[in-house]
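Here, each number is a calculation from the coordinates, and none is a lab measurement. Since we're looking at a predicted model, the values are computed, not measured. Glycine also receives a Cβ, built like all others from the backbone with ideal geometry; neighbour counts cover every protein chain displayed.
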Amino acid sequence: MKSSRALLLAICLLVCASAWVSTVSATLPLRHWLRSRHNAPRQLHAEKQDHAPLRDSPTPPLDTSQFQSKTVAFVSAHPDDIEASAGGLIYRLTQQGTNVHYIIFTNGDKGCVNAVCANMTNEQLAVTRMKEQADAGAVLGVPRENIHLLDFEDSMLTSYPEVQLRMRLVAVLRQVKPFAVFSWEPSPTFRELQPQQGFLDLGFHPDHMRSGVIALDAHLNSGLDRLWPELGPAWTVTQYYMFDWIHADVYVDITDVIETKAKAFNAHVSQVPLPSLVLPTLQHINAAVANRSGVAQEATYAEGFVEYF
Ligand SMILES: [Zn+2]
């Protein structure tokens, strides 16, 4: 019972990141919230049934060799989103010579679930989270200069003018010139991302959905040479993918790199109350993705993505 609650907490921290938990726990005792919302004892039992394959045929693998010697950009809402969603893929990409960039909308200045940041100001927390992001990127082979922090306020992304967000992202895309972009889904499948399935609010954080919408629009805007020429020469993104744990179009086998993914996530110290639970939690989530995708025979642990084009 106790470990089930701890596992739920760790899952939440991995997938909703940043301020979501701290916002909720500020108004409700976290333990009560987890128990009342998620019925922890049932949750682990239910997963085995709920993660059955959804397709008639197995999900195909993502051909990562197509990204060799190219630039790929990952766009997210918070520091730690990218490691949780695609850390295994990123390590595979950097190992084969892909130039990986992170573009992160908010500075994460509201998310803290570890004693190390309990007494920090929001400004100090933002600085800490950038350092943690740099440390996590280094584990996966992403250099500090490839991490672009747009520095919007955590949990407030929906409050900024939409065009302001698009322009900031277009400016970085035209600078980085990515062959492919990965980001959140704008509208995850609500009924199928239920807490009792072990996914909690994976993607339903308002910052996640907002960043998904902006990324989807901005990567197209980037290619329009008459739009915002002051932001740099137009750049056309060739491929676009979204993080997905349920209806993945393609999967990536991360079985032999999941420990590196966990090490990268653990670099987000302020987001991890129990470091020892990060690896088993990722194993739990990424095994569920493999099962859902019908590829568990080929890959014990998988990451999934929607292939937009
Ligand atoms: Zn997040």
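Would you mind checking the pairs 131/261; 177/263; 131/263; 70/263 and listing those with alpha carbons more than 21 angstrom apart?
As for pairs spanning more than 21 Å Cα to Cα, those are 177/263; 70/263.
Which three numbers, in whole Å and largest first, are the semi-axes of the equivalent ellipsoid of the range 93-160 derived from its Cα gyration tensor as √(5λ)?
24, 15, 8
If R0 is 45 Å, what FRET efficiency do you get for residue 66 and residue 121 from their C-beta distance, rounded to 0.05?
0.50
Which length gain, in nm to one decimal place, applies between residue 189 and residue 144 when the Cα-Cα distance is subtracted from 0.36 nm times their residue separation?
Computed gain between residue 189 and residue 144 is 12.8 nm.
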